[in-house]
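The values are calculated or read from the model by the stated rules, or taken from the named source; none is laboratory data. In this text, all values refer to a predicted model and were calculated from it rather than measured experimentally. Neighbour counts run over all protein chains shown; Cβ positions are idealised from the backbone, glycine included. For accessibility, only protein heavy atoms count, side chains too; no ligands or nucleic acids. Shrake-Rupley method; radii C 1.70, N 1.55, O 1.52, S 1.80 Å.
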Amino acid sequence: MLKRGMWLTAAALIAFAVTPSALDGSLRQNPASSLFAVGILGAFFVYFLRKTHIHRLADEVMDCDDHLKVRRGRTEEVIRFSNVAAADVSTSGGIHRITVRLRQPAKLGGQIEFLPQASLWSNLSGVKRVAAGLTERANQAQDGRD
């Protein structure tokens, strides 16, 4: 929902910037002012995306006891805990995320980044507990396989 909300927010801001000019007819006479405003909003949005790396986040991560079911876009993959090397917490732009590093790269890459459930967004210690739990389960799965 957060990723979709970003795109909808950007579209709404662009529409908000262009609508007054379109309604009074000045958009046809002098489109430069509206294009300038849209350009500034677009540049800000691109900067924000590059700074927060929202586009890299998985859309959905489900914990299914012995594996994680991960979806990003139309790509869905099952990640066994035996393939998880570690889970870390990182903070970018005030947003806490969990990064699951894989032993062997999967379709979605060598690491999976996702946001924890919304109730943990402002609770850094809770997010760290989730990451530590994932790492512990990965270590147990690795020990059980050897």
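For region 30-70, the residues whose amide N sits under 16 Å from a probe point set 7 Å from the Cα of THR19 along the beta carbon direction are 38. From the square roots a ≥ b ≥ c of the eigenvalues of the alpha-carbon gyration tensor of region 33-130, which class results: rounded (a/c under 1.5), prolate (a/b over b/c), or oblate? Judged from the Cα gyration tensor, region 33-130 comes out prolate (a/c at least 1.5, a/b above b/c). Accessible surface for region 30-146, divided over its residues, is 60 Å² per residue with a 1.4 Å probe.
Among rounded, prolate and oblate, which fits region 33-77 when a ≥ b ≥ c are the square roots of the eigenvalues of its C-alpha gyration tensor, a/c under 1.5 means rounded, and a/b larger than b/c means prolate? Since a/c reaches 1.5 and a/b is larger than b/c, the shape of region 33-77 is classed as prolate. Taking label positions 7 Å along the Cα-Cβ direction at both SER119 and GLN104, the computed distance is 3.6 nm, reported to one decimal. Carbon and sulfur together cover what percent of the accessible area of region 35-78 at a 1.4 Å probe radius? In region 35-78, the share of accessible area belonging to carbon and sulfur is 59 percent.
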